[in-house]
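The values are calculated or read from the model by the stated rules, or taken from the named source; none is laboratory data. Quick caveat, the model's predicted, so the values are computed rather than measured. No Cβ is skipped: glycine too gets one built from the backbone with ideal geometry, and neighbour counts run over all protein chains shown.
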Amino acid sequence: MNEQKHEVLVAGAGFSGLATTAALRRYGVRDVRLVEKGASYGSFWTNTYDRLALHSPWHGLPDDGGLVDRYPIFKTRLEVIDYLERYASRHELDQVAGFNETLLETEYLPSDHAYPWQARTSRGHYRARHVVIATGYCRQPAWPPVPGAATTQGDILHSASYRNGQSHRGQRILVVGSGNSAFEIALDLVECGASRVSLLVNGPRWVIPIRRFESAMLEARASGAFDPSMITAAHSAERGGAAYATHVGAFDALLRSLAVDVSDLGIDTPIDGPWHTAIETGRVCVFDHGALALMRSGEIEVIHDRVVTFDGGRVSFAVHAPRTFDTVILATGYRPGLGDFISDPTMLHLDPARREVFPRTDGRCQSLVAPGLYFVGFDMSPWGGMAHGHWGFEVAEKIATKLGTFSPEMRPAEFSRAPWEP
């Protein structure tokens, strides 16, 4: 394969990767290559279950020309795909994007001062001055370390392979998990005619009715207490600092007031607040679309336990007697899987709170180990995933400044100053 050289190589065409690439082009860096393992922009959303929707309000990207205002407060899966495609079209990203191209390896070669980064993909070899990893922390399905979970064929599937409940009509289903995917899939299965749906939960969880959250956000937007400028204003807050804690605490207080008590179902309330828990551990609160009512009516059985072994459809529990199900669906989340293509293990570390491997950064996306390497979408502003696009613009401005193409008047209207400046 011929080796290509670029100023910047960006891996991942979701919210973070699109924002970074669009910002680089806006800031004068024309020689950019965007690689995506899927067949389209936002491929996670094209390959997930039908009823998945965003739970963050008015979730958009900087410099979208008002595009986000054409959509409802919470975008559906298809609306997210449409939004990302329109955003890419606005910034003419088709000119630099390559699909069905999986990043396989990255390596830093300091002896090459001009292009110190080498990358190998499923379709080519690259040399670059800068590399941006925007592959996200939902890149790889997380299978629980339970005997039989990953080896049993047919009877067990991860939620990454679930689309809808039509093929499970009349079946006895066990859904493992207590997050948004678990609640939504359990609801979908009941509505599609599964004969019995059981939800296995283990550990505390905040639960907030989605309509209650929607009403609060609409009221906040109408009163001027919540608008896109708030995300920008809070973006400079450093994690661990007082300003960061104030922003998180304020949103925590709102979410606490909206949450419902589900202890009658055996699901305890976490000690820390909903937003603090989400930011620090990745354990996002559940925004309920109707599953909760079915749990209380008995149409969704709640089992508070943990799995010991899987043997086909037969499941052994720690407390309850073994049971047999037609299908087990693991709504057990995802992991970043960065070790698949980061050759230097010192660039990564085990995050003890999330119990997953994350990049070593300065807290603002830049690698602490090698120059010219950035990880966008892994560090968190006080507004979590709603600020993924802001991180993309921050990193793009830093790279463009180093390459000598940036000047302040290039910034979009929402950034009157550098995104990281208070």
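So here's what we get for this one:
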{"item": "Index of the failed condition, Thr346 passing every other in (1) more than 23 Å from His247 (Cβ to Cβ); (2) in contact (Cβ under 8 Å) with a residue 40 or more places away in the chain", "result": "(2)"}
{"item": "Elements of type strands (runs of 3 or more DSSP E) contained in segment 157-226, each with 3 or more residues being under 20 Å from Thr48 (Cα atoms) and either touching a Pro at 6+ places or on another chain (Cβ under 7 Å) or touching a residue at least 60 places away in the same chain (Cβ under 8 Å) (or both)", "result": "172-176"}
{"item": "Segment 211-232, residues that are surrounded by 15 or more Cβ atoms within 10 Å (Cβ to Cβ) and of a type in the set (A, V, I, L, M, F, W, C)", "result": "Phe213, Ala216, Met217, Ala220, Phe226, Met230, Ile231"}
{"item": "Residues that are out of contact with any Cys (no Cβ under 7 Å at 6 or more places or on another chain) and either crowded, with 17+ Cβ neighbours inside 10 Å or touching a residue at least 60 places away in the same chain (Cβ under 8 Å) (or both), drawn from segment 244-258", "result": "Tyr244, His247, Val248, Phe251, Asp252, Leu254, Leu258"}
{"item": "Residues of segment 14-45 classified as outside any helix (DSSP H, G or I), hydrophobic (A, V, I, L, M, F, W, C) and either touching a helix residue (DSSP H, G or I) at 6+ places or on another chain (Cβ under 7 Å) or modelled with pLDDT under 95 (or both), total", "result": "3"}
{"item": "Positions within segment 166-217 being within 17 Å of Pro270 (Cα to Cα) and among the charged types (D, E, K, R), in sequence order", "result": "Arg205"}
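Yes/no matrix, rows are residues, columns are (1) among the polar types (S, T, N, Q); (2) outside any loop (DSSP other than H, G, I, E, B); (3) free of Cβ contacts under 8 Å to residues at least 60 places away in the same chain; (4) surrounded by fewer than 17 Cβ atoms within 10 Å (Cβ to Cβ):
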{"position": "Asp94", "(1), (2), (3), (4)": "no, yes, yes, yes"}
{"position": "Glu105", "(1), (2), (3), (4)": "no, yes, no, yes"}
{"position": "Ser111", "(1), (2), (3), (4)": "yes, no, yes, yes"}
{"position": "Ala119", "(1), (2), (3), (4)": "no, yes, no, no"}
{"position": "Val131", "(1), (2), (3), (4)": "no, yes, no, no"}
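To keep it simple, each residue is scored yes or no on (1) surrounded by fewer than 20 Cβ atoms within 10 Å (Cβ to Cβ); (2) small (Gly, Ala, Ser); (3) in contact (Cβ under 8 Å) with a residue 24 or more places away in the chain.
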{"residue": "Asn2", "(1), (2), (3)": "yes, no, yes"}
{"residue": "Ala13", "(1), (2), (3)": "no, yes, yes"}
{"residue": "Gly17", "(1), (2), (3)": "no, yes, yes"}
{"residue": "Leu24", "(1), (2), (3)": "no, no, yes"}
{"residue": "Ala39", "(1), (2), (3)": "yes, yes, yes"}
{"residue": "Gly42", "(1), (2), (3)": "no, yes, yes"}
{"residue": "Trp45", "(1), (2), (3)": "no, no, yes"}
